[in-house]
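Engineer: This is the structure I want to talk about, given as structure tokens.
Read-outs throughout are calculated quantities, based only on the coordinates presented, and are distinct from any laboratory measurement. Since we're looking at a predicted model, the values are computed, not measured. So basically every Cβ, Gly included, is an ideal-geometry build from the backbone, and we count neighbours across all protein chains shown.
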Amino acid sequence: MKTRNVILPIVFSLSLISCQKNDHDAEGVTEEDIEIIKTENQATYLLEDLESEVDYFSASSESSNMQKSAQVGGPCAAITIDVTEETIFPVVVTVDYGDGCDGLWGHRKSGTIVITKTAPWFQEGAKRIIEFQNFVMDTVAVSGSMTITTEAFQQNLVSFRTVSNIAFTWNETLSLNRTADITRSLLAGFDTPFDITDNVIEAEGMATLTFPGGDRYTRQTVEPLVIMGSCQHIVSGILEIVKNGETAITVDYGDGTCDNNVVVSKDGESVEVELNREEN
């Protein structure tokens, strides 16, 4: 009897611990999950805006007679083109926003972007190395670099691979380092390089988000994100985000409707969340 009296409390305690552990593991969508999704969403929008302007400047710089040194007008920025005299390439395009001006999407930008092109941007295998100097977009400081490689440039098939290591700083309490390998495919709008409003882009790949406290998130595309130049929001696609190898969070951007609503799912719970381009 004494043995039974000892065993029963132990069994009961183990059952209680098991229940508590299961309850903790299946906590569903948390406020922290939503904040991470909002932060990553804004980083995605900022980079998409930057890549759209880099595409614009790449096209405009190659329509400027490729002089050894030239200046051309752009969407609010002063653009300087430096060309190697003997071989033309590499070409260095310096985009100077000065103390601040509004870019293609209406974002306020200041500082400088330097684009080094190894070949005409529409040539397969061409690389564009982008570096940021004292660059601020809206209120977010952006530093680091990215390399865009033209993987395909044919009729009805235009795609670029972007490998990036970018640091974002919103304020003293919020910053993020984001490394990524993303392929962007232009499904429409390739015949109008100076008009981004008719662009339809599919983006897929993987990113790693690291925060100062050490938390690390991996972000993987389950279904390609679709970005339309006529819409300020991602219109469809599914992401999976995992924190430190824990339970995955899925983010569903919808069925193609131009809105800022997503469905966030975790541990069998789904909630609808509104995502804005400027969250923090």
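Engineer: Using a cut-off of 16 Å between alpha-carbon atoms, which aspartates and glutamates can reach K243, once sequence neighbours fewer than 8 places away in the same chain are excluded?
Structural biologist: D25, E27, E31, E32, D33, E35, E40, D215, D267
Engineer: If I take the Cα coordinates of region 112-180 and project them onto the principal axes, what are the three extents in Å, biggest first?
Structural biologist: 46, 20, 18
Engineer: Moving on. Show which aspartates and glutamates lie in cross-link reach of K117 when reach means a straight Cα distance below 13 angstrom and same-chain residues fewer than eight apart are skipped.
Structural biologist: D55, E62, D82, E131
Engineer: For labels at D198 and T30 in the simple 7 Å Cα→Cβ model, what's the distance in nm?
Structural biologist: Taking the two extended label points, one gets 4.8 nm.
Engineer: For a distance above 33 Å, tell me the whole-number percent of Cα pairs in region 31-274 that qualify.
Structural biologist: Details: 5290 of 29646 pairs.
For region 31-274, the share of Cα pairs beyond 33 Å comes to 18 percent.
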